[in-house]
């Protein structure tokens, strides 16, 4: 029997790799920004395929939405084309990628990590099991993920929203949107 979900996962991962390579090779900054938005949407689809809908929603909203808009706003202050980088910068970036990839591969094969899907792992037997058992009585919200994000971790979620709002305001101040409006309308001379 063919597992279409696994085929979809591999297809989405392959698409992310292709888009990631295209972003790195792109000289046109507008196209690179648009491709990063595409990358975020593909990764959101992959998260949804993995049944992590809350992470998919966050990736689509923040990664594809807010980040793309902020990068387009920052691009207003730069040229449309990137200057060519020297070979030394490419080699340094490649060395960093190899080191990070090696560290991740080393962590994957760590003997202290629980096996994938192990029902006795701390993630499946600790606090997570308590949330699954207690949420219907404590909060009366049918979706456990929504209950955790909106109730148990409500202050944390509010803090994350405030950080995103503060970042957006800081970028607008750095880009000088208020100063541009005053110059166009003739105010504050």
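Coordinate-derived values only; no laboratory data. Computed from a predicted structure; not experimentally measured.
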Relative to the chain, whose Cα atoms define the longest principal axis, helix 4-25 and its Cα axis are tilted in degrees, nearest 10, by 30 degrees
So, relative contact order of the chain in percent, Cα under 8 Å, 6 or more apart, is 15 percent
Full extension between residue 95 and residue 166 adds, at 0.36 nm per residue less the Cα distance, a length in nm of 22.2 nm
Only helices counted: for the chain, with every DSSP H run of 4 or more residues adding -39500 (n - 2.57) and the sum spread over all residues, [θ] at 222 nm is -22000 deg cm²/dmol
Among (1) -0.28, -0.61, -1.04; (2) -0.44, -0.93, -1.33; (3) -0.24, -0.54, -0.97, the entry matching log10 I(q)/I(0) by the Debye sum over Cα atoms at q = 0.08, 0.12, 0.16 Å⁻¹ as calculated here is (2)
Candidates 40, 67, 79; GNM for the chain (alpha-carbon contacts under 10 Å) flags as most fluctuating 79
Length gained, residue 79-residue 25, 0.36 nm per residue minus C-alpha separation, equals 17.7 nm
The answer for the per residue Cα convex hull volume of segment 1-83, in Å³, is 64 Å³
Length gained if residue 118 through residue 69 is fully extended, taking 0.36 nm per residue and subtracting the Cα-Cα distance, is 13.6 nm
